[in-house]
Amino acid sequence: MCGIVGYSGPQSAALPLIQGLRRLEYRGYDSAGIALGTPGTLFIEKKAGKLSNLENALDASLPTVHSGIGHTRWATHGGPTDRNAHPHVDNDGKLAVIHNGIIENYSELRATLQARGHKFSSETDTESVAHLLSDLRKEHKGDLAGAMCDAVKLLRGSFTLVAIHADNPDVVVGVRRNSPLVVGLGKGENFMASDVAAFIDYTKRAIELGQDEVVTMTPTSVVITNLKGAVIVPKEYEISWDATAAQKGGFNHFMLKEIFEQPKAVADTLIGRLSDNKQIVLDELHMSIEEIRALKKITVIACGTAYHAGMLAKYAIEKWAKIPVEVEIASEYRYRDPIVDPQTLVIAISQSGETMDTLMALRHAKSAGARVFAICNTHSSTIPRESDAVLYTHAGPEIAVASTKAFLTQIIAVYLIGLHLAQINGALKDVQVEELYNELLELPGKIEQILQTAEPLRALTRTFAHNNIVLFLGRNIGYPVALEGALKLKELAYIHAEGFAGGELKHGPIALIDSGTPVIAILPVGDEHGLNEKMLSNIQEVKARGARVIVITEEGANIEGAEHIIRIPVVPALLQPILATVPLQLFAYEMALARGNDVDQPRNLAKSVTVE
Ligand code: F6R
């Protein structure tokens, strides 16, 4: 939610800033802007719309200066206009600030600052910070970092702020609270950004800033302090992926690239998880055997696609480990007095590790005494840092706004947890665990097979491009898959897409079916509990009312009534979602393309949702 980048070094600053913003555009694309450290008065350019609008506005007269800040916005306070675009400046045009997050007390601040004579030119919460910093910097005799420390003490909410002043243009100052900021350490140059992707072309050395820490950087120095000004010795780390991971690599869109990366992502998340003596290796859990056996309940908290992975955690952990699991939409969790105690394990699932709803739910669970375990794809992000332990998925950077490879690896992660708990509880024998693990190991090859034979599905999808409604049906573990298929389609094709539990159809949703309504049904594997037959009946019911039915089912299954059948390789029932999701991702991708939508940056969305 908003991308931030700062630079100080020998390069003409506009280059690394624009390059960084390109990499961060997934975080928000309502407007973009830069402030360059021209001595005297800062050079500011900002434009509503995508980054390309800003790039077009930056003509040859762009000053060659060596520091600056840049921003790509997902609008919260104030619409996506030129005026509301960041950076925001003080009344002298000398101090500029960019912001990710929300300043909750901005209207009080604004009123106070207006009473002091400051003139506002935007509707944003951020502009108050520019005026506030301007006053405080004067009180601090030109020390921007000192001003930042005092400003933060007056702010409520979540924010990353980065500021620059024309009188000391080499100095870039940043701070973070509940929102990400990383520092990139280059040779004779330094960077700040919301995400390492912004500077990966220039350096792999990074520092993750802690909560309420202030960083002051010049081309040759990086100093980090707390809000009292005490210096903090930072922990440096090496970024483990390279610039190519943040490029499209020959694909037309990041989403397609990420769909095709799924075999590797799944394999990387699984690798080395079974020891020679047939034990699931999950040292990350940091729980003793006694603690695991004492567990009374697991609560999964997550949002959106990650929530669907959480639903699958319930099916797997309850079936394999016999521990009750509840799954909560993170934004709802803390508002209903959830029952939590030290024998509750809370699992927070998040690709970005920055989702504010999940973070707030996690904090609530922790304060109520639960042990919190994160499943996350982004190293050193806030959610893993605030959790008691973390299992990283190894999907690599996910840049398309619609989550694909992160979802599949989240399912793998929760399944590994399920197998580990089952083994420790004695609910599954070692030989059963080994068998399931070996089945998991075969998934990358099976996903590859789906991807290599997907052309007919992609062609078929294009025939549905004019439809404004698509329904998805699933039962049991097919139900979260139906929800995920519908979510992908909503966010990419901007149409009414809904997932239903097959049994619910007759309780209302069947009224939506009309002649030609596309219905995608995920047929359960095997016929445990007669589910397969029940889904076949559902297919007949919708077909009788005119639906065009696409069925996703395993190779060899016999189906009547379907207009189209998408076959996926045979796997044990619980593993089916990992395969059945892939055609649905491709369906949503093709629909978006066919409808002329922006696949990687769907309207109104942003990748990392750092506001509640
Ligand atoms: C959908 C999607 C979102 C995210 C959700 C949680 O394609 O990407 O629904 O899954 O915003 O994000 P994370 O996993 O970063 O917490």
Which condition number does GLN351 fail, the rest of (1) open to solvent by 20 Å² or more (accessible area, probe 1.4 Å); (2) in contact with a Lys or Arg (Cβ under 9 Å, 6 or more places away or on another chain); (3) more than 19 Å from PRO577 (Cα to Cα) being met?
-> (3)
Give the stretch 91-102 a look and list any residue that's surrounded by 24 or more Cβ atoms within 10 Å (Cβ to Cβ) and within 17 Å of GLY117 (Cα to Cα), or say none.
-> LEU95
Name the residues in the stretch 399-412 that are open to solvent by 10 Å² or more (accessible area, probe 1.4 Å) and of a type outside the set (Ser, Thr, Tyr), would you?
-> ILE399, VAL401
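Restricting to the stretch 201-215, and then to whatever is under 17 Å from PRO10 (Cα atoms) and not charged (D, E, K, R), can you tell me which residue is least open to solvent (accessible area, probe 1.4 Å)?
Among those that are under 17 Å from PRO10 (Cα atoms) and not charged (D, E, K, R), it is THR203.
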Could you list, in sequence order, all residues of the stretch 301-333 that are more than 27 Å from VAL433 (Cα to Cα) and either away from the ligand (no atom under 11 Å from the Cβ) or not polar (S, T, N, Q) (or both)?
-> CYS303, GLY304, GLU328, ILE329, ALA330, GLU332, TYR333
In the stretch 407-414, is there at least one residue being away from the ligand (no atom under 16 Å from the Cβ) and in a helix (DSSP H, G or I)?
-> no
Does GLU455 satisfy the criteria of being away from the ligand (no atom under 16 Å from the Cβ), open to solvent by 40 Å² or more (accessible area, probe 1.4 Å) and modelled with pLDDT under 95?
-> yes
Only one of VAL582, VAL570, VAL525 is among the β-branched types (Val, Ile, Thr), within 16 Å of the ligand (Cβ to nearest atom) and either buried (at least 18 other Cβ atoms within 10 Å of the Cβ) or outside the structural domain of ILE383 (by TED's automatic domain parsing) (or both), namely VAL582
Kindly provide the set of residues from the stretch 267-302 that are surrounded by 15 or more Cβ atoms within 10 Å (Cβ to Cβ) and of a type in the set (Ser, Thr, Tyr), ordered by number.
-> THR269, THR299
Would you check which residues across the stretch 472-496 are open to solvent by 10 Å² or more (accessible area, probe 1.4 Å), under 19 Å from LYS314 (Cβ atoms) and either within 15 Å of the ligand (Cβ to nearest atom) or not assigned by TED's automatic domain parsing to the domain that holds GLN576 (or both) and list them?
-> LEU483, LEU487
Residue set THR64, THR72, THR81, THR38; condition in contact (Cβ under 8 Å) with a residue 40 or more places away in the chain and within 25 Å of GLN351 (Cβ to Cβ); output residue THR72
Could you please give the count of residues in the stretch 182-199 that are open to solvent by 10 Å² or more (accessible area, probe 1.4 Å) and hydrophobic (A, V, I, L, M, F, W, C)?
-> 2
Does any residue of the stretch 376-384 turn out to be in a strand (DSSP E or B), assigned by TED's automatic domain parsing to the domain that holds LYS297, open to solvent by less than 10 Å² (accessible area, probe 1.4 Å) and free of Cβ contacts under 8 Å to residues at least 60 places away in the same chain?
-> yes
Filtered residues of the stretch 540-593 (kept if at negative phi, in a loop (DSSP other than H, G, I, E, B) and out of contact with any Lys or Arg (no Cβ under 6 Å at 6 or more places or on another chain)) | ARG545, ALA547, ALA557, ASN558, ILE559, GLU560, ALA562, VAL570, VAL571, PRO572
Of (1) in contact (Cβ under 8 Å) with a residue 24 or more places away in the chain; (2) under 22 Å from ALA402 (Cβ atoms), GLU455 satisfies all except one. Which?
-> (1)
Count - residues of the stretch 422-461 that are farther than 17 Å from VAL266 by Cβ, in the same structural domain as ALA580 (by TED's automatic domain parsing) and outside any helix (DSSP H, G or I) = 1
Do you know which residues across the stretch 157-191 are in a strand (DSSP E or B), touching a Gly at 6+ places or on another chain (Cβ under 7 Å) and within 12 Å of SER8 (Cβ to Cβ)?
-> VAL162, ILE164, VAL172, GLY174, ASN190, PHE191
Name the one entry in TYR307, TYR415 that is open to solvent by less than 10 Å² (accessible area, probe 1.4 Å), at pLDDT 95 or above and within 23 Å of ALA501 (Cβ to Cβ).
-> TYR415
Would you be able to tell me the number of residues in the stretch 345-369 that are more than 13 Å from the ligand (Cβ to nearest atom) and farther than 19 Å from ASP283 by Cα?
-> 7
With respect to the numbered conditions (1) away from the ligand (no atom under 14 Å from the Cβ); (2) in a helix (DSSP H, G or I); (3) closer than 20 Å to GLU332 by Cα; (4) not β-branched (Val, Ile, Thr), which one is the sole condition not fulfilled by PHE373?
-> (2)
Any residue at all in the stretch 501-519 that is surrounded by 23 or more Cβ atoms within 10 Å (Cβ to Cβ), at pLDDT 95 or above and under 27 Å from the mean Cα position of the chain (by Cα)?
-> no
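The values are calculated or read from the model by the stated rules, or taken from the named source; none is laboratory data. The shown structure was predicted, so the numbers you read here are calculated from the model rather than taken from an experiment. Virtual Cβ from ideal backbone geometry, glycine too; neighbours counted across all protein chains shown. Side chains are part of the model used for accessible areas, which takes the heavy atoms of the whole protein and leaves out ligands, DNA and RNA. Shrake-Rupley method; radii C 1.70, N 1.55, O 1.52, S 1.80 Å.
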